[in-house]
Structures are given as C-alpha cells and as structure tokens.
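FYI, it's all coordinate maths here, none of it is from the lab. Just so it is clear, the structure is predicted and the values come from calculations on it, not from any experiment. We place every Cβ from the backbone using ideal geometry, glycine too, and count neighbours over all the protein chains shown.
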C-alpha cells in the first residue's frame with residue numbers, strides 16, 4: 001500500500017458521467033456545443049435497484 005489515492009476514484013467517475021450526459025445533451029441540441037458543468041439538462045440517471053457490494057476474491 002502506498003497511501004496514495006486510487007488512480008480512478010469517485011471524482012473521476014463523476015467527471016466521466018458528466019461528459020456522457022453532455023454528449024447526450026449536445027446530440028439532442030443538434031450537435032450544439034454545451035458548456036460544462038452541465039446546467040439545465042432534463043436528463044437524469046435513474047437506478048432500478050439499490051447499490052450492491054462487489055464480490056471480491058483476492059488472488060491466490
């Protein structure tokens with residue numbers, strides 16, 4: 001363990017999700033450029049189930 005934060009993490013996941021929504025919003029606007037952070041979008045991410053704990057098995 002190095003004590004350093006992971007290479008990915010929650011902040012990177014949030015930024016990538018925002019980009020995905022920006023691509024969708026831009027497409028809906030006919031390819032128009034959209035500014036980030038994306039404000040005023042009507043699209044929302046909906047989950048049909050609760051979060052699950054990932055299954056992890058250490059390497060032998």
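Here are several values of P(r) over Cα pairs in 10 Å bins from 0, in percent: (i) 21, 53, 25, 2; (ii) 22, 48, 18, 10, 1; (iii) 16, 34, 28, 17, 6, 0. Which one was derived from the coordinates shown?
Among (i) 21, 53, 25, 2; (ii) 22, 48, 18, 10, 1; (iii) 16, 34, 28, 17, 6, 0, the one derived from this structure is (iii).
Arrange the peptides 21-27, 41-47, 11-17, 53-59 so that the one whose residues have, on average, the most other Cβ atoms within 10 Å appears first.
On the way: 21-27: 14.1, 41-47: 7.7, 11-17: 10.3, 53-59: 4.6.
Highest to lowest by the protection proxy: 21-27, 11-17, 41-47, 53-59.
Could you calculate the contour length gain from residue 43 to residue 14, that is, 0.36 nm times the residue separation minus the distance between their Cα atoms, to one decimal place in nm?
On the way: separation 29, 0.36 × 29 = 10.44 nm, distance 1.52 nm.
Gain on stretching residue 43 to residue 14: 8.9 nm.
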